[in-house]
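These notes are about the structure you will find just below.
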Amino acid sequence: QCDLQGLWRNELGSNMTILAMNTSGTFSGSYHTAVAATSKQILVSPLQGVQQHSSTKRHPTFSFTVQWQFSDSTTAFVGQCFVDHRGKETLETTWLLREEVLSQKDTWKATR
């Protein structure tokens, strides 16, 4: 079974902490990115998410959003948790970041 609760680190050095999940699968936590396209100080940022009911899925999917505290942007992550034959959990994710632009005509450059 996959348990998202706890501390996660990625290959780039970012850290994510997921707090206890409630019975409906929602969770909260924090994200501290090691990479950012800004000259501002990187701050720990809150996250909110939801996971499929892990009791019925071996490799459940999940999603969460991070509201960055050091920039005018939000990132949405979607992914799936995999557990190998030794019990090691790995999260595979894809993300989209949306940053604020000053006008609607600039919307084309707001999403990465």
Next item on the list: Starting from the coordinates of the alpha-carbon atoms of segment 6-109, obtain the Kirkwood hydrodynamic radius over all distinct pairs and give the value in Å to one decimal.
Entry: 15.1
Next item on the list: List, in order, the whole-Hz ³J(HN,Hα) value for each residue of segment 16-28 obtained from phi through the Karplus relation with A = 6.51, B = -1.76, C = 1.60 and θ = phi - 60°; use x for Gly and Pro.
Entry: 10, 10, 10, 7, 3, 8, 8, 5, 8, x, 8, 8, 9
Note to self: Need the list of aspartates and glutamates near K109 for cross-linking: C-alpha distance under 19 angstrom, and skip anything on the same chain fewer than eight residues off.
What the structure shows: D72, E99, E100
Next item on the list: Find, among the trypsin sites (Lys or Arg not before Pro) in segment 3-100, those assigned to loop by DSSP (not H, G, I, E, B) with at most 12 other beta-carbon atoms within 10 angstrom.
Entry: K40, R58, R86, K88
Next item on the list: Whenever you get a sec, compute what percent of the accessible area on segment 6-109 sits on carbon and sulfur atoms (1.4 Å probe).
Entry: 53
Notebook entry, point to check: How far is it, in nm, from the label point at Q69 to the one at T17 when both lie 7 Å from their Cα along the line to the Cβ?
Noted result: 1.1
Next item on the list: Could you work out how far apart the two model spin labels at V78 and E99 are, taking each label as a point 7 Å from the Cα in the direction of the beta carbon, and quote it in nm?
Entry: 2.4
Next item on the list: Roll a 1.4 Å probe over the protein chains and send me the accessible area per residue for the chain in Å².
Entry: 66
Item checked: Under the Karplus curve 6.51 cos²θ - 1.76 cosθ + 1.60, θ = phi - 60°, whole-Hz ³J(HN,Hα) for segment 94-103, x wherever Gly or Pro sits -> 10, 9, 10, 10, 10, 10, 5, 10, 7, 8
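The values are calculated or read from the model by the stated rules, or taken from the named source; none is laboratory data. None of these values were measured; they are calculated from a predicted model. Note that each Cβ is placed from the backbone with ideal geometry, even for glycine, and that neighbours are counted across all protein chains shown. Side chains included, ligands, DNA and RNA excluded: accessible areas come from the protein's heavy atoms. Shrake-Rupley method; radii C 1.70, N 1.55, O 1.52, S 1.80 Å.
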